[in-house]
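The values are calculated or read from the model by the stated rules, or taken from the named source; none is laboratory data. None of the values given here were measured: they were computed from a predicted structure. Just so you know, the surface numbers come from the protein's heavy atoms only, side chains and all, with ligands and any DNA or RNA stripped out. Shrake-Rupley method; radii C 1.70, N 1.55, O 1.52, S 1.80 Å.
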Amino acid sequence: MTDFTIDLTPQEALRRTQLTQTPDPHWNPIEVLHGEETAYNLLYSRLNPQQQALYNNLPTAGILPTPGNSHAAP
C-alpha cells in the first residue's frame, strides 16, 4: 500500500489570487470571501456530537485553519 498525500495550499492560494483579479469594476472580492466564510460556517453548523469531536481535531491535524484564523479578509 502506498501513502497518497495532496497539498491543496498552492491551489487555494492561486484560486484566491485569481478571485481578486477580475476585470469587473463592480466585483467585490472581500464580499465574496466573506460569503465563502458564511457558507463554510453554515456547512459545519449542525454536526452531531461525534462529528463535532472530529471537526474540533481538524485544525490540530493541519486540515482546517485554527479557530479565529478566518478564511476571509477582515
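Averaged over its residues, the chain has an accessible area of 86 Å² per residue, based on protein heavy atoms and a 1.4 Å probe.
For the chain, find the longest principal axis of its Cα atoms and tell me its angle to the long axis of helix 9-19, 0 to 90°, nearest 10. That helix lies at roughly 30 degrees to the long axis. A simple rule links phi to the HN-Hα coupling: the Karplus curve 6.51 cos²θ - 1.76 cosθ + 1.60 with θ = phi - 60°, which for region 33-46 gives 5, 5, x, 5, 5, 4, 5, 4, 5, 5, 4, 9, 8, 10 Hz, with x for Gly and Pro.
Calculate for the chain the 222 nm mean residue ellipticity that helices alone would give, adding -39,500 (n - 2.57) per DSSP H run of length 4 or more and normalising by residue count, nearest 500 deg cm²/dmol.
Mean residue ellipticity at 222 nm (helix-derived): -14500 deg cm²/dmol.
Full extension of the segment from residue 6 to residue 48, taken as 0.36 nm per residue of separation minus the current Cα-Cα distance, would add 12.3 nm. The share of accessible area on the chain that comes from carbon and sulfur is 59 percent, using a 1.4 angstrom probe. Shape index of the chain: Rg/Rh, with Rg the Cα radius of gyration and Rh the Kirkwood radius from the inverse mean 1/r over Cα pairs, equals 1.05.
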